[in-house]
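Below is one structure, written out as structure tokens; the observations come after it.
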Amino acid sequence: MTDEVILQVKDLKTYFHVDEGIVKAVDGVTFDLHKGETLGIVGESGSGKSVTNLSVINMIPDPPGKIAGGQVLYHGKDLLTMPQAEIRKIRGNKVSMIFQDPMTSLNPFLRVSTQMVETIVLHQGLDEKTAKAKAVEMLKMAGIPAPEKRIDQYPHQFSGGMRQRVMIAMSLSCNPEILIADEPTSALDVTIQAQILDLMKDLSARLGTAVIMITHSLGVVAGMCDTLCVMYAGRIVERGPTDALFAEPKHPYTQGLIKSVPRLDQASSDRLFSIRGQPPNVIDLPDCCPFYPRCDKAMDICKRKYPGATAFGKNRTVNCWLYNSEGK
Amino acid sequence: MTKFIIRRFLSLIPTMFVIVTLSFFLIRFAPGGPFSGEKVLPEQVIQNLMKKYHMDQPMYKQYLEYLGNVLRGDFGPSFRYKESTVNELIGESFPTSIILGSVALAFALVAGLGVGVGSALKQNKWQDYTAMSFAVIGISVPMFVVGPVLQLAFAMKLHWLPVTGWITGRAGLAALVLPALTLGFPYFAYIARLSRASILEVLRSDYVRTARAKGLSERVVIWRHVLKGALLPVVSYIGPAFAGIITGSLVVEQVFVVPGIGQIFVQSALNRDYTLIMGEVIVYSLLLVAMNFLVDIVYGFLDPRIAYK
Ligand SMILES: Nc1ncnc2c1ncn2[C@@H]1O[C@H](COP(=O)(O)OP(=O)(O)O)[C@@H](O)[C@H]1O
Ligand SMILES: [Mg+2]
């Protein structure tokens with residue numbers, strides 16, 4: 001990780017217009033991604049992680065979705081206002097994505113070779129034969145045995161873990177600067193999860209790829225991310241270097257998340273901690289801290305106003321009235 | 001794959017056997033018979049007729065004899081059209097119905113897919129609304145209404161096409177247009193709706209999201225990643241559609257005075273013309289069974305997940 005910022009997300013707002021009202025799935029998200037950095041985005045399901053990252057490459061289904069505000073600057077150029085023809089040259093090439101469910105993310109009707117080669121040919125201008133050789137090489141790197149043979153098979157002939165390896169190989173085949181991985185292991189068996197995470201860690205380090213790692217489980221990202229953003233109800237409520245965040249979580253929600261990670265030194269008879277209550281419905285949310293109904297330290301002001309960010313040193317911020325002088 | 005085709009083909013034999021057997025006995029046991037017309041025949045005449053058509057034999061003997069003849073491709077003499085064999089009657093009229101049905105099916109498929117794909121890509125725009133309202137008409141208005149309306153508009157008012165007749169007549173191929181449109185219209189409408197729905201579903205799928213995230217152009221996404229999967233439901237529908245078109249042909253042949261099998265089919269049923277009914281049933285079934293066989297094979301080619309074991 002270096003100091004060079006390659007992606008800046010500024011006050012991003014993505015809303016869905018549904019019959020019941022406006023779903024503010026992402027409501028003012030800001031973060032920076034540095035060259036080679038691994039950034040984790042953590043939050044319960046429904047907190048807006050996937051929508052954030054689909055917004056980054058401007059792939060929100062419209063209707064019902066609309067990016068209502070903000071900027072996504074990739075090397076200073078706003079991806080949100082870029083013409084489609086231009087952003088397509090970035091998707092899959094400079095910024096690529098891996099999705100949660102490897103069983104449905106590959107096209108079942110096309111051979112793996114077709115799906116890998118089309119990306120390489122499109123972005124690297126190679127002829128099909130060279131592109132296929134490159135694809136085989138990527139599969140090998142991703143730990144697929146006998147890749148020369150496997151590449152001509154169809155996705156259903158691979159197991160879930162193997163398919164996710166194919167996805168990883170495919171997404172890294174154009175040597176992207178940024179890899180966005182949306183819960184890449186959530187659909188896999190626990191034993192395979194660790195293998196896939198190791199593979200991603202290894203490959204991204206080798207290729208110098210910056211990674212945005214989305215997950216609902218802190219345990220998954222703890223060992224892998226340089227920086228963490230904790231998301232709640234469409235907003236980032238706390239951000240900081242992983243070590244600092246684990247050592248001293250500030251937001252009550254982050255504290256709860258960390259307490260609910262299963263630990264090896266815990267007696268198995270202890271009940272695993274879980275945050276009480278349910279995440280809020282983000283339709284027509286009033287201006288308040290959306291976490292207050294579940295928060296043990298909630299104060300009066302929490303119900304009336306959303307707190308601004310309080311900075312702790314260079315890289316840490318938290319949005320909580322406990323640390324906000326305005327609230328005192 | 002070859003093994004699958006052979007096995008699938010062999011499985012057609014028992015299917016056909018069951019169809020032939022069931023219809024043989026169902027028809028025989030239906031009330032009435034070929035000689036119970038309005039005119040009451042003298043007992044002696046009936047006796048002679050029964051003898052001539054081997055109907056004085058026990059049922060199982062008649063059945064075995066019939067089965068043997070059918071295997072040799074002989075459907076026997078017609079009970080009603082005394083001068084013709086069933087083979088001749090079917091041979092004269094059936095090709096006409098097949099031509100009409102095939103053209104109708106081709107129209108339904110090509111136009112249906114075109115409109116379906118177009119509507120899906122223009123979802124909720126005026127083109128989509130127009131096409132889908134049109135499709136609702138196609139599905140809900142029966143052929144015996146659509147046919148005369150087309151005759152009125154394109155033949156009697158505009159004089160573009162003949163009112164009735166067949167391609168062997170003076171009008172030539174022009175005579176095919178209106179009956180084929182009438183016959184194919186409901187299937188066109190259904191295929192348009194079916195393909196629209198299935199394209200919209202595939203467009204929302206994870207693998208299409210992956211294709212877009214790879215930076216592929218919308219054209220490549222549609223042609224390479226969407227169409228194949230979206231076509232599968234349409235392919236499965238070809239079998240039933242063909243069956244529907246072939247039976248629907250009876251109505252259209254009446255309206256447009258087409259010399260197809262429809263005319264003699266209705267008559268043969270009313271006349272209890274045992275051999276002719278059986279011949280028609282067997283030819284129809286063969287056709288439908290063969291069609292489904294073809295559809296299965298095409299489906300297998302399109303969907304790699306189908307294992308040929
Ligand atoms: N296509 C859509 N239409 C309506 N609402 C959506 C759509 N996609 C996402 N949302 C809503 O946006 C919110 C955030 O979703 P998401 O980003 O998928 O959460 P997660 O953090 O689990 O990835 C959820 O409330 C979800 O219901
Ligand atoms: Mg998600």
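The values are calculated or read from the model by the stated rules, or taken from the named source; none is laboratory data. Just so it is clear, the model here is predicted, and its values are computed rather than measured. Note: ideal-geometry Cβ built from the backbone for every residue, glycine included; neighbour counts use all protein chains shown.
For the stretch A:27-50, give me each residue that is within 7 Å of ligand 1 (Cβ to nearest atom) and surrounded by 24 or more Cβ atoms within 10 Å (Cβ to Cβ).
A:Gly43, A:Ser47, A:Gly48, A:Lys49
Show me the helices (runs of 4 or more DSSP H) found entirely inside the stretch B:190-296 where at least 1 residues are over 28 Å from B:Ser119 (Cα atoms).
Counting at least 1 such residues, we get B:227-256, B:261-271.
Report whether or not A:Asn58 is surrounded by 14 or more Cβ atoms within 10 Å (Cβ to Cβ), within 14 Å of chain B (Cβ to nearest Cβ), at pLDDT below 95 and more than 9 Å from ligand 1 (Cβ to nearest atom).
Here the answer is yes, as A:Asn58 does meet what is asked.
For the stretch B:209-240, enumerate the residues that are at the interface with chain A (Cβ under 8 Å from one of its Cβ atoms) and of a type in the set (A, V, I, L, M).
If the condition is that a residue be at the interface with chain A (Cβ under 8 Å from one of its Cβ atoms) and of a type in the set (A, V, I, L, M), then B:Ala211, B:Ala213, B:Leu216, B:Val220 are the ones that fit.
I need every pair where a residue in the stretch A:132-160 that is within 14 Å of chain B (Cβ to nearest Cβ) has its Cβ under 7 Å from the Cβ of a residue that is hydroxyl-bearing (Ser, Thr, Tyr), sequence separation at least 6 or different chains.
A:Ala135/A:Ser113; A:Ala135/A:Ser173; A:Met138/A:Ser173; A:Asp152/A:Ser113
Say whether the condition of being more than 8 Å from ligand 1 (Cβ to nearest atom), surrounded by fewer than 16 Cβ atoms within 10 Å (Cβ to Cβ), among the aliphatic types (A, V, I, L, M) and over 14 Å from the mean Cα position of the chain (by Cα) is met by at least one residue in the stretch A:11-19.
no
When you scan the stretch A:127-143, how many residues do you find that are in contact with a Lys or Arg (Cβ under 7 Å, 6 or more places away or on another chain) and either surrounded by fewer than 20 Cβ atoms within 10 Å (Cβ to Cβ) or small (Gly, Ala, Ser) (or both)?
The total comes to 2.
In the stretch B:220-228, is there at least one residue being of a type in the set (Val, Ile, Thr) and within 16 Å of B:Gly147 (Cα to Cα)? Show your work before the answer.
From the stretch B:220-228, those of a type in the set (Val, Ile, Thr) are B:220-222, B:226; that's our starting set.
Filter once more, so that each one left must be within 16 Å of B:Gly147 (Cα to Cα): none.
No, the stretch B:220-228 contains no residue that is of a type in the set (Val, Ile, Thr) and within 16 Å of B:Gly147 (Cα to Cα).
For the stretch A:165-192, enumerate the residues that are closer than 14 Å to A:Val220 by Cβ and within 16 Å of ligand 2 (Cβ to nearest atom).
The answer is A:Ala181, A:Asp182, A:Glu183, A:Pro184, A:Thr185, A:Ser186, A:Ala187, A:Leu188.
Could you please give the count of residues in the stretch B:1-37 that are hydroxyl-bearing (Ser, Thr, Tyr) and in contact (Cβ under 8 Å) with a residue 12 or more places away in the chain?
Final tally of qualifying residues: 4.
Can you report the number of residues in the stretch A:61-81 which are small (Gly, Ala, Ser) and in contact (Cβ under 8 Å) with a residue 60 or more places away in the chain?
Of the residues in the stretch A:61-81, 1 are small (Gly, Ala, Ser) and in contact (Cβ under 8 Å) with a residue 60 or more places away in the chain.
When you scan the stretch B:293-305, do you find a residue that is surrounded by 18 or more Cβ atoms within 10 Å (Cβ to Cβ) and more than 30 Å from B:Lys3 (Cα to Cα), even just one?
No: the stretch B:293-305 contains no residue that is surrounded by 18 or more Cβ atoms within 10 Å (Cβ to Cβ) and more than 30 Å from B:Lys3 (Cα to Cα).
Being more than 14 Å from A:Ser50 (Cα to Cα) and either touching a residue at least 12 places away in the same chain (Cβ under 8 Å) or within 16 Å of ligand 1 (Cβ to nearest atom) (or both) is the filter here; which residues of the stretch A:206-216 pass it?
Those that are more than 14 Å from A:Ser50 (Cα to Cα) and either touching a residue at least 12 places away in the same chain (Cβ under 8 Å) or within 16 Å of ligand 1 (Cβ to nearest atom) (or both): A:Leu207, A:Gly208, A:Thr209, A:Ala210, A:Val211.
Taking B:Val70 as the residue in question, decide whether it is among the hydrophobic types (A, V, I, L, M, F, W, C) and without any contact (Cβ under 8 Å) to a residue 60 or more places away in the chain. Break it down into steps so the answer makes sense when it comes.
Numbers: among the hydrophobic types (A, V, I, L, M, F, W, C): yes; without any contact (Cβ under 8 Å) to a residue 60 or more places away in the chain: no.
No, not satisfied.
Give the residues of the stretch A:155-191 that are among the aliphatic types (A, V, I, L, M) and in a strand (DSSP E or B), sorted by residue number.
The answer is A:Ile178, A:Leu179, A:Ile180, A:Ala181.
Between a first residue in the stretch A:169-188 that is within 19 Å of A:Phe158 (Cα to Cα) and more than 12 Å from chain B (Cβ to nearest Cβ) and a second residue that is within 16 Å of ligand 1 (Cβ to nearest atom) and not in a loop (DSSP other than H, G, I, E, B), which pairs have beta carbons less than 9 Å apart while being 6 or more apart in sequence or on different chains?
Filtered contacts from the stretch A:169-188: A:Pro184/A:Ile98; A:Pro184/A:Met213; A:Pro184/A:Ile214; A:Pro184/A:Thr215; A:Thr185/A:Thr215; A:Thr185/A:Val220; A:Ser186/A:Thr215; A:Ser186/A:Val220.
Do you know which residues across the stretch A:192-214 are more than 15 Å from A:Cys174 (Cα to Cα) and touching a Lys or Arg at 6+ places or on another chain (Cβ under 8 Å)?
A:Ile196, A:Leu199, A:Ile214
Quickly run through the stretch A:119-131 and pick out the residues that are within 12 Å of chain B (Cβ to nearest Cβ) and among the hydrophobic types (A, V, I, L, M, F, W, C).
A:Ile120, A:Val121, A:Leu122 - these are the residues of the stretch A:119-131 that are within 12 Å of chain B (Cβ to nearest Cβ) and among the hydrophobic types (A, V, I, L, M, F, W, C).
Do we find that A:Ala68 is near ligand 1 (Cβ under 9 Å from one of its atoms) and more than 14 Å from chain B (Cβ to nearest Cβ) in this structure?
No: the conditions fail for A:Ala68.
Any residue in the stretch A:82-107 that's more than 8 Å from chain B (Cβ to nearest Cβ): show its pairings with residues that are aliphatic (A, V, I, L, M) and assigned to a strand (DSSP E or B) at Cβ separation under 6 Å, as long as the two are six or more apart or on different chains.
A:Val95/A:Ile178; A:Ile98/A:Ala181
Is the stretch B:34-50 home to any residue that is charged (D, E, K, R) and either in a loop (DSSP other than H, G, I, E, B) or closer than 19 Å to B:Leu276 by Cβ (or both)? Give the steps one after another, and end with the answer.
Looking only at the stretch B:34-50, we keep the residues that are charged (D, E, K, R), and these are B:38-39, B:43.
Of the ones still in play, those that are also either in a loop (DSSP other than H, G, I, E, B) or closer than 19 Å to B:Leu276 by Cβ (or both) are B:38-39.
Within the stretch B:34-50 (the criterion being charged (D, E, K, R) and either in a loop (DSSP other than H, G, I, E, B) or closer than 19 Å to B:Leu276 by Cβ (or both)), the answer is yes, since at least one residue qualifies.
When you scan the stretch A:108-118, how many residues do you find that are hydrophobic (A, V, I, L, M, F, W, C), more than 8 Å from chain B (Cβ to nearest Cβ) and more than 25 Å from the chain's Cα centre (by Cα)?
Our first condition is that a residue be hydrophobic (A, V, I, L, M, F, W, C); within the stretch A:108-118, this holds for A:109-110, A:112, A:116-117.
After this cut, where a residue has to be more than 8 Å from chain B (Cβ to nearest Cβ) as well, the list is A:112, A:116-117.
Next, only the ones that are more than 25 Å from the chain's Cα centre (by Cα) stay: A:117.
Number of matching residues: 1.
Quickly run through the stretch B:90-115 and pick out the residues that are polar (S, T, N, Q) and touching a helix residue (DSSP H, G or I) at 6+ places or on another chain (Cβ under 7 Å). It would help to see each step written out before you state the result.
Of all residues in the stretch B:90-115, those polar (S, T, N, Q) come to B:93, B:96-97, B:102.
B:Ser93, B:Ser97, listed by residue number.
Select the strands (runs of 3 or more DSSP E) contained entirely in the stretch A:1-120, then report the ones holding at least 1 residues which are away from ligand 2 (no atom under 16 Å from the Cβ) and of a type in the set (Gly, Ala, Ser).
Passing ranges, in order: A:21-34, A:65-74, A:95-98.
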